[in-house]
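S.K.: Dropping a structure here in structure tokens format, bear with me for questions.
The values are calculated or read from the model by the stated rules, or taken from the named source; none is laboratory data. Just so it is clear, the model here is predicted, and its values are computed rather than measured. Here the Cβ positions follow ideal geometry from the backbone for every residue, glycine too, while neighbour counts run over all protein chains shown. These area figures cover heavy atoms from the full protein model, side chains too; ligands, DNA and RNA do not enter into them. Shrake-Rupley method; radii C 1.70, N 1.55, O 1.52, S 1.80 Å.
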Amino acid sequence: MTPVPHDLPLGLPAPVGVLTAVLVGFFLMHILFVTMMVGGMMMVLVAQIRGLKDKAWDHIAHDLAATITVNKSIAVVLGVGPLLAINTLYTVYFYTANALTGSFWILIVPLVAGAFLLTYAHKYLWGRLPVWLHLGLILVVMAIFAFVPLIFLVNVTLMLTPDRWGEVQGFWDAAMLPNVWTRYAHFMLSCPAMAGLMVVWLYRRKADQDRAQVIRMGYRWLLGPTLAQFVVGPLALITLPPTPGSQGLAVAIFLGSILVAAFLCLVAWGELKRPDALIGQGFPLVAGAMVVILVLMGGARHLYREAALSDHRAAVAAKTEAFRAESEAARTNP
Amino acid sequence: MDFPIYHLDLMGNRLLVAVIAILHVLINHGLAVGLIPLVAAMEWYGARKGDPRWDRLARRILFFAFLITTTVGALTGVGIWLSTSLVNPASIGSLIRVFFWGWFIEWLVFITEVVLILWYHLTWESWQGARKAAHIRLGFALAVFSWVTMAIIVSILGFMMDPGNWLTDHSLWSGFTNPIYLPQLAFRTALALCFAAMVALMLILFFTRRDDPFRYQAVRAVSVFALATGPFVVLAGWWYASVVPETMLANLATGLATMQFEEWQDRLFLGMIGAAALVMGVAQLGVWRPHWVPRLGLLVPLVAVMWLTGHFERVREFIRKPYVIGQYMYANGLRVEDYPLYQSKGLLPYATWTYPLSQAETAAIPAGASVTDVQAGKDVFMIACTRCHTANGVNAVRGHFQRMLGDDPWTPDKTMDTLAYMHEARPFMPPFPGSPAELAQVALYIQTLQSVTEPLAGAQSAGVKLREEAR
């Protein structure tokens with residue numbers, strides 16, 4: 001039996017369309033910076049390890065590390081708007097999922113704050129720490145960056161399945177919901193890809209002697225994980241739980257994005273084949289394709305969310321209204 | 001009330017929010033709102049005097065502020081949302097619905113603030129010479145934006161204490177026109193500047209060497225700044241403390257509350273004067289004999305200012321009780337206007353979730369009592385009491401009854417009156433929200449609790465069950 005709790009008996013502060021636009025639009029921007037931050041950290045780690053043998057890579061790693069601290073500040077601040085919007089649009093769903101995974105939900109605060117402090121230590125103490133400690137710092141940061149997305153994913157998955165709310169006991173139990181791990185893999189693969197795109201963008205106009213080498217690395221980071229997404233993406237799609245509403249359009253868009261991804265891979269492949277002097281020219285096309293994919297994903301996710309919840313929300317609204325009326329009656333004629 | 005209830009039994013839910021929120025306020029006031037204008041002023045002064053030592057010092061102080069505000073500062077800010085959405089979702093959810101646009105604008109200002117601090121910090125080296133003037137302007141712009149962020153938030157805090165006209169007109173503007181708004185903003189501004197001066201003095205002593213004459217020049221200058229802020233802390237504090245009772249008396253009309261409050265108010269007053277005196281004393285020393293200012297000794301006024309900030313937040317919390325949003329919602333997350341319904345028909349007919357009795361609880365059910373009643377009592381307890389109390393931790397209900405009744409069995413005939421009139425004896429508790437039958441059931445649960453020493457589990461670990469299925 002699916003629970004139908006009441007919502008807060010206050011109207012929404014803005015039309016649903018406006019709140020949805022804030023939610024989906026800013027969330028995409030937030031996730032863009034998050035993936036660049038997480039993927040960037042993976043890249044720094046690899047470059048730093050290669051830098052143990054080859055000084056040039058150490059230099060590149062240091063350069064990349066500088067982007068992380070900027071991306072992380074922007075990532076956090078951009079997350080606040082969508083958080084506000086999801087609080088109003090999906091009040092019952094979001095708060096319920098938060099409470100049921102509460103021990104881990106609140107851990108986000110110390111974990112991320114700690115990871116950010118360590119990121120600074122890693123960046124500003126470059127060259128001043130023993131190698132093992134410097135690598136240790138980034139490994140700890142990486143572990144945290146890999147775990148926090150899971151906390152968020154468990155929450156947004158749990159919030160869409162009201163029929164499971166009465167069953168889950170704690171975070172790890174909720175982490176076993178269908179779709180969590182495939183989606184997690186899908187997200188974690190997008191991080192190196194996005195970081196790859198970011199370094200192409202950063203080095204494209206540089207007159208650096210490492211320019212071509214770094215751009216090639218960027219494209220490889222983009223291409224490899226994106227090819228893997230042709231397997232992981234459909235898995236994430238297949239494991240989506242069935243919904244009361246129709247998923248037709250959402251699924252069609254997800255499938256459409258596969259075509260765009262294929263196009264992206266082709267262009268990126270072409271870029272890798274170019275001579276050093278010309279590499280990077282295809283960037284606008286690749287980046288454009290990525291933006292299209294992001295928008296399609298964000299849109300389809302939203303449609304899926306609606307398919308999962310619109311009936312339930314109607315039931316919640318009816319129950320809330322009945323409660324409001326009953327309360328008013330009790331108040332006016334005791 | 002219809003969200004699964006997250007509950008921390010040992011530390012208590014309120015402490016979780018308090019720790020995060022107070023940490024955030026300390027960082028925000030001491031390292032952003034107050035410190036950034038000081039940094040920008042130092043940079044400006046150095047440029048005017050052509051003295052690079054000021055520039056270097058300002059830069060190092062900014063670096064420190066930057067490290068903390070963009071990590072712990074930013075995350076505790078988000079943490080206030082995350083923790084309140086766990087601890088009192090009904091309250092934060094309602095506030096967001098009312099203040100969405102206020103927070104949205106605040107968010108835009110905050111984005112600007114983050115971009116500005118990144119920019120200010122990262123361009124310090126490169127914007128030299130002709131661009132120095134622009135860099136200094138950037139610093140002052142950052143100072144303004146930091147203050148504006150605070151100015152918006154304070155309206156929401158004022159609203160939570162006294163919604164005033166909102167109860168009738170439901171508009172954002174009534175938050176700003178709230179009677180506590182300006183005094184609170186003035187007090188926070190003065191406090192932030194004073195606090196930041198203490199932080200800066202401390203940092204100067206760390207960032208300069210003992211044998212460097214510049215150290216004493218800097219200590220003297222910041223001390224003058226601190227001396228200038230002290231009187232404003234007292235003045236604005238007095239203004240704030242003088243408008244608070246009106247608001248509070250509008251909330252509660254009982255003598256007891258006033259007595260309690262006077263105690264807090266006296267303490268706030270004394271603390272304010274004490275902290276200001278300490279700051280002024282140290283600052284005076286810094287002006288007269290800058291090399292006498294001891295590094296560790298500075299901790300005393302610094303801690304005093306931090307205590308004052310913390311105490312101020314506690315008083316603010318306190319005078320809000322029993323409400324979480326003045327006259328609209330009690331701290332238990334129940335709306336005042338729904339009380340007639342709950343008190344006649346009961347809370348549980350409108351509750352979706354049930355919190356199954358643990359093994360220890362089931363084992364402790366008093367002879368003759370029905371499991372169904374004890375279960376109902378626990379559910380009411382979860383809804384009506386756990387937002388402020390724990391079973392066995394901070395502000396524990398078991399502790400209170402132990403103190404009042406000792407080891408005699410806590411039979412309902414002894415506890416029901418306490419529960420029924422608790423809002424009169426302890427005016428910062430809301431009236432009991434449920435029906436008379438539910439009151440008896442809670443009393444039965446409390447009797448069960450007498451021998452249960454394990455912590456009460458919240459939804460985050462024990463999960464919840466659907467009431468209709470459990471029945």
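S.K.: Checking B:PRO431 against (1) in contact with a Phe, Trp or Tyr (Cβ under 8 Å, 6 or more places away or on another chain); (2) in a helix (DSSP H, G or I); (3) open to solvent by less than 30 Å² (accessible area, probe 1.4 Å); (4) more than 27 Å from A:THR96 (Cβ to Cβ), which test does it fail?
M.R.: (2)
S.K.: One residue is enough: does the stretch A:318-330 have a residue meeting the conditions under 30 Å from A:GLY218 (Cβ atoms) and either free of Cβ contacts under 8 Å to residues at least 24 places away in the same chain or within 14 Å of another protein chain (Cβ to nearest Cβ) (or both)?
M.R.: Filtering the stretch A:318-330 down to residues under 30 Å from A:GLY218 (Cβ atoms) leaves none.
No.
S.K.: A further question follows. Give the residue, chosen from B:LEU10, B:LEU31, B:LEU16, B:LEU26, that is under 16 Å from B:ALA190 (Cβ atoms) and modelled with pLDDT under 95.
M.R.: Numbers: B:LEU10 fails: under 16 Å from B:ALA190 (Cβ atoms); B:LEU31 fails: under 16 Å from B:ALA190 (Cβ atoms); B:LEU16 fails: under 16 Å from B:ALA190 (Cβ atoms).
On inspection, the qualifying residue turns out to be B:LEU26.
S.K.: Condition first: open to solvent by less than 10 Å² (accessible area, probe 1.4 Å), assigned to a helix (DSSP H, G or I) and facing another protein chain (nearest Cβ under 7 Å). Now tell me which residues in the stretch A:93-107 satisfy that.
M.R.: Correct list: A:TYR95, A:THR96, A:ASN98, A:ALA99, A:LEU100, A:GLY102, A:TRP105.
S.K.: Another question, then. Can you tell me which of B:GLU313, B:GLU317, B:GLU337 is within 14 Å of chain A (Cβ to nearest Cβ) and at pLDDT below 95? It would help to see each step written out before you state the result.
M.R.: Details: B:GLU313 fails: within 14 Å of chain A (Cβ to nearest Cβ); B:GLU317 fails: within 14 Å of chain A (Cβ to nearest Cβ).
Being within 14 Å of chain A (Cβ to nearest Cβ) and at pLDDT below 95 holds for just one of B:GLU313, B:GLU317, B:GLU337, which is B:GLU337.
S.K.: Quick one: how many residues across the stretch A:176-202 are under 15 Å from A:ALA236 (Cβ atoms) and assigned to a loop (DSSP other than H, G, I, E, B)?
M.R.: Number satisfying all stated conditions: 3.
S.K.: Looking only at residues that are in contact (Cβ under 8 Å) with a residue 24 or more places away in the chain and within 13 Å of another protein chain (Cβ to nearest Cβ) in the stretch A:15-24, which one is nearest to B:PHE100 (Cα to Cα)?
M.R.: Residues of the stretch A:15-24 in contact (Cβ under 8 Å) with a residue 24 or more places away in the chain: A:16, A:19-20, A:22-24.
The next check asks that each one be within 13 Å of another protein chain (Cβ to nearest Cβ); those that pass are A:16, A:19, A:22-23.
Numbers: A:VAL16: 13, A:LEU19: 10, A:VAL22: 12, A:LEU23: 13 Å.
The extreme case among them is A:LEU19.
S.K.: Here is a further query. Being part of a helix (DSSP H, G or I), aliphatic (A, V, I, L, M) and open to solvent by less than 20 Å² (accessible area, probe 1.4 Å) is the filter here, so list the residues in the stretch B:260-303 that pass it. If you could, list the steps in order and put the result at the bottom.
M.R.: Let us first name the residues in the stretch B:260-303 that are part of a helix (DSSP H, G or I), namely B:260-288, B:290-292, B:296-303.
Remaining after also requiring aliphatic (A, V, I, L, M): B:268, B:270, B:272-273, B:275-280, B:282-283, B:285, B:287, B:296, B:298-300, B:302-303.
If the condition is that a residue be part of a helix (DSSP H, G or I), aliphatic (A, V, I, L, M) and open to solvent by less than 20 Å² (accessible area, probe 1.4 Å), then B:LEU268, B:MET272, B:ALA275, B:ALA276, B:VAL279, B:ALA283, B:LEU298 are the ones that fit.
S.K.: Further, regarding this structure: Return the residues of the stretch B:434-461 that are closer than 14 Å to B:LYS378 by Cα, within 14 Å of another protein chain (Cβ to nearest Cβ) and either open to solvent by 30 Å² or more (accessible area, probe 1.4 Å) or not in a loop (DSSP other than H, G, I, E, B) (or both); say none if nothing qualifies.
M.R.: The answer is B:PRO455, B:ALA457, B:ALA459.
S.K.: Considering only the stretch B:81-100, I want to know if a residue exists there that is open to solvent by 40 Å² or more (accessible area, probe 1.4 Å), assigned to a helix (DSSP H, G or I), of a type outside the set (D, E, K, R) and touching a residue at least 12 places away in the same chain (Cβ under 8 Å).
M.R.: no
S.K.: In the stretch A:203-223, how many are assigned to a helix (DSSP H, G or I) and open to solvent by less than 40 Å² (accessible area, probe 1.4 Å)?
M.R.: Residues flagged as assigned to a helix (DSSP H, G or I) and open to solvent by less than 40 Å² (accessible area, probe 1.4 Å) within the stretch A:203-223 amount to 9.
S.K.: Report those helices (runs of 4 or more DSSP H) wholly inside the stretch B:317-389 carrying at least 2 residues which are within 28 Å of B:LEU16 (Cα to Cα). Don't jump to the end; show me each part of the working.
M.R.: Values: elements: B:339-345, B:359-363, B:371-384.
Correct list: B:359-363, B:371-384.
S.K.: Condition check: touching a Pro at 6+ places or on another chain (Cβ under 8 Å), facing chain A (nearest Cβ under 7 Å) and either over 22 Å from B:MET202 (Cβ atoms) or among the acidic types (Asp, Glu) (or both). Does B:TRP101 satisfy that?
M.R.: Values: touching a Pro at 6+ places or on another chain (Cβ under 8 Å): yes; facing chain A (nearest Cβ under 7 Å): yes; either over 22 Å from B:MET202 (Cβ atoms) or among the acidic types (Asp, Glu) (or both): yes.
Considered against the rule, which asks whether it is touching a Pro at 6+ places or on another chain (Cβ under 8 Å), facing chain A (nearest Cβ under 7 Å) and either over 22 Å from B:MET202 (Cβ atoms) or among the acidic types (Asp, Glu) (or both), B:TRP101 comes out as yes.
S.K.: Looking at B:TYR421, is it among the aromatic types (Phe, Trp, Tyr), more than 28 Å from the chain's Cα centre (by Cα) and open to solvent by 50 Å² or more (accessible area, probe 1.4 Å)? If you could, list the steps in order and put the result at the bottom.
M.R.: Values: among the aromatic types (Phe, Trp, Tyr): yes; more than 28 Å from the chain's Cα centre (by Cα): yes; open to solvent by 50 Å² or more (accessible area, probe 1.4 Å): yes.
Considered against the rule, which asks whether it is among the aromatic types (Phe, Trp, Tyr), more than 28 Å from the chain's Cα centre (by Cα) and open to solvent by 50 Å² or more (accessible area, probe 1.4 Å), B:TYR421 comes out as yes.
S.K.: Follow-up question, since we're still on this one. Just to be sure, is A:VAL267 open to solvent by less than 60 Å² (accessible area, probe 1.4 Å) and among the hydrophobic types (A, V, I, L, M, F, W, C)? Can you show your working first?
M.R.: On the way: open to solvent by less than 60 Å² (accessible area, probe 1.4 Å): yes; among the hydrophobic types (A, V, I, L, M, F, W, C): yes.
Considered against the rule, which asks whether it is open to solvent by less than 60 Å² (accessible area, probe 1.4 Å) and among the hydrophobic types (A, V, I, L, M, F, W, C), A:VAL267 comes out as yes.
S.K.: Based on this model, can you work out whether B:LEU142 counts as more than 19 Å from the chain's Cα centre (by Cα), free of Cβ contacts under 8 Å to residues at least 40 places away in the same chain, surrounded by 19 or more Cβ atoms within 10 Å (Cβ to Cβ) and more than 9 Å from chain A (Cβ to nearest Cβ)? Even if it seems obvious, please write down each step before you answer.
M.R.: Details: more than 19 Å from the chain's Cα centre (by Cα): yes; free of Cβ contacts under 8 Å to residues at least 40 places away in the same chain: no; surrounded by 19 or more Cβ atoms within 10 Å (Cβ to Cβ): yes; more than 9 Å from chain A (Cβ to nearest Cβ): yes.
Criteria not met by B:LEU142.
S.K.: On to the next question. Provide a single number: the residues in the stretch B:16-39 that are open to solvent by less than 30 Å² (accessible area, probe 1.4 Å), out of contact with any Lys or Arg (no Cβ under 9 Å at 6 or more places or on another chain) and more than 27 Å from B:VAL394 (Cα to Cα).
M.R.: Number satisfying all stated conditions: 7.
S.K.: If you go through the stretch B:56-65 one residue at a time, do you hit one that is within 20 Å of the chain's Cα centre (by Cα), within 14 Å of chain A (Cβ to nearest Cβ) and touching a residue at least 24 places away in the same chain (Cβ under 8 Å)?
M.R.: Kept after step one, since they are within 20 Å of the chain's Cα centre (by Cα), are these residues of the stretch B:56-65: none.
No; the residues of the stretch B:56-65 include none that is within 20 Å of the chain's Cα centre (by Cα), within 14 Å of chain A (Cβ to nearest Cβ) and touching a residue at least 24 places away in the same chain (Cβ under 8 Å).
S.K.: Restricting attention to the stretch A:151-202, report how many residues are over 20 Å from A:ALA99 (Cα atoms), surrounded by 18 or more Cβ atoms within 10 Å (Cβ to Cβ) and of a type in the set (Gly, Ala, Ser).
M.R.: 4
S.K.: Taking B:VAL324 as the residue in question, decide whether it is open to solvent by 50 Å² or more (accessible area, probe 1.4 Å) and at pLDDT 75 or above. Spell out how you get there, then give the answer.
M.R.: On the way: open to solvent by 50 Å² or more (accessible area, probe 1.4 Å): no; at pLDDT 75 or above: yes.
Here the answer is no, as B:VAL324 does not meet what is asked.
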